[in-house]
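The structure appears right after this line, and notes come after that.
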Amino acid sequence: MSDFNPLMNFKLQRVQKAPDSDRFSSSPAWTQDAQYEIVDPETQKTWGFVCIDNTQRGPGLGGIRMAPNITLNEVSRLSRVMTHKNSAACIPYGGGKAGLVLNDPAFLSDPQTRAMLMEKFADALFELENYVPAPDMGTNEKDVQIIHNNHSQKLGTQKHSRGGAGRPINKGGIPIDDWELTAHGLFSAIKVIESVDESLDLSKTNFIVQGFGNVGAPTAIKLQEAGATLVGASDINIALWNSKGLDVHLLNKVRKEIGGLRNYPLEVEKKFSQDKLDWLLEAPCDVMVPCARPDAITAKNVDRVQCRYILQGANTPSSKPIEYYLHHRHNILSLTDFIVNAGGVIGCAVERNMIIDDSYADKVKQIGVRTYVENLICNTISNNVLENYTRMKNCKGYIFRDAATELATERLFSQEMWL
Ligand code: NAD
């Protein structure tokens, strides 16, 4: 995004998709509601994408991703995941997702430029009443607050349910990254598996984390506190492997520095540079926690994966066919993204409900906002993991994702709410 020009504007341009019914669609459940490109009308350059997948349960809630090489296909796939995630978690939202293409990360180191970019994006988003943005990879709660402020100004009030969720706490938001809500949900999920699968004992487990960011780092801390040993960790700069264990707190300290995990000061057995980051996914371990981009595990490396469990922090870290192969060929249990990483959207749903419903807000405040949200996440994700695990065991040939998709689709067409 180095050719960003402060005078430029963003406009949404509808992508005219050929209806699936004209072809032999491979995902017949429903057709995506709408896809948009974010373009500069002067130059027709495309800066990003927004996809609204399904609004059966409510407006499409899903984060804004800012990263290099984002495509319409990635955003579209992720918005479908959000539909499943929000319906499985029984919150009143459908699925949506946005992506901004950021080819030059240095570009955003200037907070003013970043704020300007978000303002322009907010202007374009205002016409989309059925999309609720939130933070995702590369964006944060301050970015969403800029969108919220922009919409407040246009609507002439602060008390509205437009303009995003997952905002800073001092602005009435629920900070999903600061409160480590997604990690809280991931940890709840693996604890349920520990309680039903006698071959998993977290205190004797070693694990690797791909993507030591806002989800990966706090998940590593929680697993370590439960007695597990982190043997591998990566970020966009480097992948580190040490069979005797890495120092989680040191990694957490250096991850926000320039160069990230490259600044880890202790000796390690193996280091993989930027062009070999994915080699870490082949490391022997009990639990792999992918927390970065889609398709970490593909046909290229699936036969070399050596873990026993995959806890999907990232959205779409693998595809359904790959998960079939992992399950049936390698006996690896892969816990589906939209079930186990729903902590963030549950926090967003509570935040928005507190704005529009005063009696709900009073109830939540009485319990304590963080306690209420953490309990809701733990209960929702624990129930869903157990439900899917049982369905999987009771249905021959099912993998965890089959059970999860079945559950999410049933709830998509129900009115059940768990807020
Ligand atoms: P983040 O930007 O804080 O962290 C991402 C990390 O991945 C960074 O450390 C980055 O350097 C690293 N990374 C990027 N490409 C990599 C690669 N090829 N190999 C190794 N590491 C790489 O983002 P986040 O919020 O932690 O989100 C991570 C994933 O979790 C995303 O897929 C996101 O959609 C998903 N997720 C996040 C939340 C949330 O609450 N933040 C909720 C649900 C799902």
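Numerical summary
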read-out	value
Selection count where residues are away from the ligand (no atom under 13 Å from the Cβ) and open to solvent by 10 Å² or more (accessible area, probe 1.4 Å), scope the range 85-119	16
Yes/no for Leu108 being more than 21 Å from Phe413 (Cβ to Cβ) and in contact with a Lys or Arg (Cβ under 6 Å, 6 or more places away or on another chain)	yes
Scope the range 377-387; condition polar (S, T, N, Q) and open to solvent by 70 Å² or more (accessible area, probe 1.4 Å); matching residues	Asn379, Asn383
Top-ranked residue in the range 388-415 [being assigned to a loop (DSSP other than H, G, I, E, B) and surrounded by fewer than 19 Cβ atoms within 10 Å (Cβ to Cβ); ranked as modelled with the highest pLDDT]	Tyr398
Scan of the range 160-218 for residues that are charged (D, E, K, R) and out of contact with any Leu (no Cβ under 9 Å at 6 or more places or on another chain), ordered by number	Arg167, Lys171, Asp177, Asp178, Glu180, Glu198, Asp201, Lys204
Any hit, the range 216-238, residues being free of Cβ contacts under 8 Å to residues at least 60 places away in the same chain, more than 12 Å from the ligand (Cβ to nearest atom) and in contact with a His (Cβ under 8 Å, 6 or more places away or on another chain)	yes
Residue that is nearest to Val289 (Cα to Cα), among those in the range 169-203 that are more than 15 Å from the ligand (Cβ to nearest atom) and hydroxyl-bearing (Ser, Thr, Tyr)	Ser203
Within the range 278-297, tally of residues that are of a type outside the set (Val, Ile, Thr) and under 22 Å from the mean Cα position of the chain (by Cα)	11
When residues of the range 278-306 are limited to those that are of a type in the set (Gly, Ala, Ser) and open to solvent by less than 30 Å² (accessible area, probe 1.4 Å), the one farthest from the ligand (Cβ to nearest atom)	Ala283
Criterion: assigned to a loop (DSSP other than H, G, I, E, B), surrounded by 13 or more Cβ atoms within 10 Å (Cβ to Cβ) and at pLDDT 90 or above - qualifying residue of Arg65, Arg57	Arg57
Checking Trp418 against (1) under 29 Å from Pro175 (Cβ atoms); (2) not in a loop (DSSP other than H, G, I, E, B), the condition it does not meet	(2)
Residue count, the range 137-146 (criterion: surrounded by fewer than 24 Cβ atoms within 10 Å (Cβ to Cβ) and of a type in the set (Val, Ile, Thr))	1
Every pair of residues 6+ apart whose Cβ atoms lie under 7 Å, when the first sits in the range 384-400 and is closer than 16 Å to Asp337 by Cβ while the second is of a type in the set (Ser, Thr, Tyr) and open to solvent by 60 Å² or more (accessible area, probe 1.4 Å)	Ile399/Tyr324
Single residue of the range 120-136 satisfying the filter (in contact with a strand residue (DSSP E or B) (Cβ under 8 Å, 6 or more places away or on another chain) and either farther than 17 Å from Asp53 by Cα or part of a loop (DSSP other than H, G, I, E, B) (or both)) that is most open to solvent (accessible area, probe 1.4 Å)	Glu127
Residue ranges of helices (runs of 4 or more DSSP H) in the range 307-387 with at least 3 members in contact with a helix residue (DSSP H, G or I) (Cβ under 7 Å, 6 or more places away or on another chain) and within 16 Å of the ligand (Cβ to nearest atom)	337-340, 343-356
Filtered residue count, the range 405-419, keeping only those that are out of contact with any Leu (no Cβ under 9 Å at 6 or more places or on another chain) and touching a residue at least 24 places away in the same chain (Cβ under 8 Å)	9
Tabulated pairs, the range 163-181, first without any contact (Cβ under 8 Å) to a residue 12 or more places away in the chain, second open to solvent by 10 Å² or more (accessible area, probe 1.4 Å) and within 13 Å of the ligand (Cβ to nearest atom), C-beta under 8 angstrom, 6+ apart or interchain	Ile169/Asp178
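Results for (1) closer than 21 Å to Leu186 by Cβ; (2) among the aliphatic types (A, V, I, L, M), shown as yes or no for each residue.
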| residue | (1), (2) |
| --- | --- |
| Gln224 | yes, no |
| Ala233 | yes, yes |
| Asn252 | yes, no |
| Glu257 | no, no |
| Leu261 | yes, yes |
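The values are calculated or read from the model by the stated rules, or taken from the named source; none is laboratory data. All values derive from a computational prediction rather than experimental measurement. Because the Cβ atoms are built from the backbone with ideal geometry, glycine has one as well, and the counts that use them run over all protein chains shown. Side chains included, ligands, DNA and RNA excluded: accessible areas come from the protein's heavy atoms. Shrake-Rupley method; radii C 1.70, N 1.55, O 1.52, S 1.80 Å.
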